[in-house]
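Nothing in this text is a laboratory measurement; each read-out follows from the coordinates by a stated rule. What you are looking at is a predicted structure, and each value in this text was computed from that prediction instead of being measured. Glycine gets a Cβ as well: all are built from the backbone with ideal geometry, and neighbour counts include every protein chain shown.
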Amino acid sequence: MYRARPMKTGLNAMLDPSRRSGDAEDFDKALRRRIVGQDEAIEKVTEVYQMFLAGLNPPGRPVGNLLFLGPTGSGKTRVVEAMAEALFGDARAVVDRIRSGAVDAVIVLGHDALQEGLLGSEQALAGLDTVILLDTHASELQRVAHVIVPVRHAAEKLGSFVNAARRVQRAVPAVESGWETFADGEVIARLGAALGLEGFDGSYDVHSVARELAATHAAFAGIDLDTIGDAGRPLAESARPRTER
């Protein structure tokens, strides 16, 4: 019987997936100086950057497909700005690269992107190969979009949100859409499946998502869409950020 014996070449250490290059370490530290409370997102972004530096990303395909999910104020936009600052020295570098033609495709969530501090005009997207628009209202972005996905307005959604008092509140549809629209989670599930992202099969059920959130995140322990009630439920105390005195 042949028994494989470890080589004394240091190859095992060289291929240690936990090791990072100096550039990747610097990138990680730059993000952590700018962002607090998004360790998982930073880890994933740095992993993608390390793969790019090593030349291991598939040729002819995007360096990475990243979906930043979370409620307003959780830091999704700030992560992108911090990446731009770390890589290009300017938070607006992503918008500038879109304008210059260095970006081939974008997915735009809402017409807020037309604000003066962001794109300013739909013409900034006119030269892209692919523009996918997710929006609740008609806007000038439709003129340059190749794919338009109608999503539900806040008054049409079923789900939950966390208010400023750290209570989980249930949201129920106040009106029915007059045409076919999609929930945010449904769109994300389908996009994730289309992009081949791990854990996405294209299916979406808001009740299942709420139960999984309650089972996997301490802040939502014991809270799901079926048990919130009309008055809402407070987040778990164990998840409350501690302030040093």
Report task. Take the Cα coordinates of the range 78-174, assign each an equal point scatterer, and use the Debye formula without solvent to give log10 I(q)/I(0) at q = 0.11 Å⁻¹. Result -> -0.44
Query - Relative compactness, the range 104-150, computed as alpha-carbon Rg over 2.2 N^0.38 Å - result: 0.99
Report task. Run down the aspartates and glutamates and flag those whose C-alpha is under 16 Å from the C-alpha of K29, throwing out any fewer than 8 positions away in its chain. Result -> D39, E40, E43, E47, E81, E85
Query - Pair R143, I107: separation of 7 Å Cα→Cβ label points (nm) - result: 2.6 nm
Requested in this report: For the range 152-238, calculate the relative contact order in percent as a whole number, restricting contacts to Cα pairs under 8 Å that are 6 or more residues apart.
Outcome: 28 percent
Query - Expected 222 nm ellipticity per residue - DSSP helices of 4 or more, -39500 (n - 2.57), all of the chain, to 500 - result: -9000 deg cm²/dmol
Query raised in the report: Ordered by residue, what ³J(HN,Hα) values in Hz, to whole numbers, does the range 83-91 give under the Karplus form 6.51 cos²θ - 1.76 cosθ + 1.60, where θ = phi - 60° and Gly and Pro are x?
Result: 4, 5, 5, 5, 8, 10, x, 8, 4
Report task. Count the DSSP beta bridges whose two residues both fall in the range 128-175, then state the antiparallel fraction as a percent rounded to the nearest 5. Result -> 50 percent
Requested in this report: With a bin width of 5 angstrom, please list the P(r) values of the range 19-91 as percents of all Cα-Cα pairs, from the 0 bin to the one holding the largest distance.
Outcome: 3, 16, 27, 25, 18, 8, 3, 0
Report summary line: dims of the range 120-245, Cα set, principal axes, largest to smallest, nearest Å -> 50, 39, 32
**Report entry** q = 0.08, 0.10, 0.13, 0.17 Å⁻¹: log10 I(q)/I(0) that the Debye formula gives for the chain, counting C-alpha atoms only
**Finding:** -0.42, -0.65, -1.05, -1.53
Query raised in the report: Considering only DSSP beta bridges with both partners in the chain, what is the antiparallel share in %, to the nearest 5?
Result: 40 percent
Query raised in the report: Can you give the Rg and Dmax of the range 73-117 based on its C-alpha atoms, in angstrom?
Result: 11.0, 29
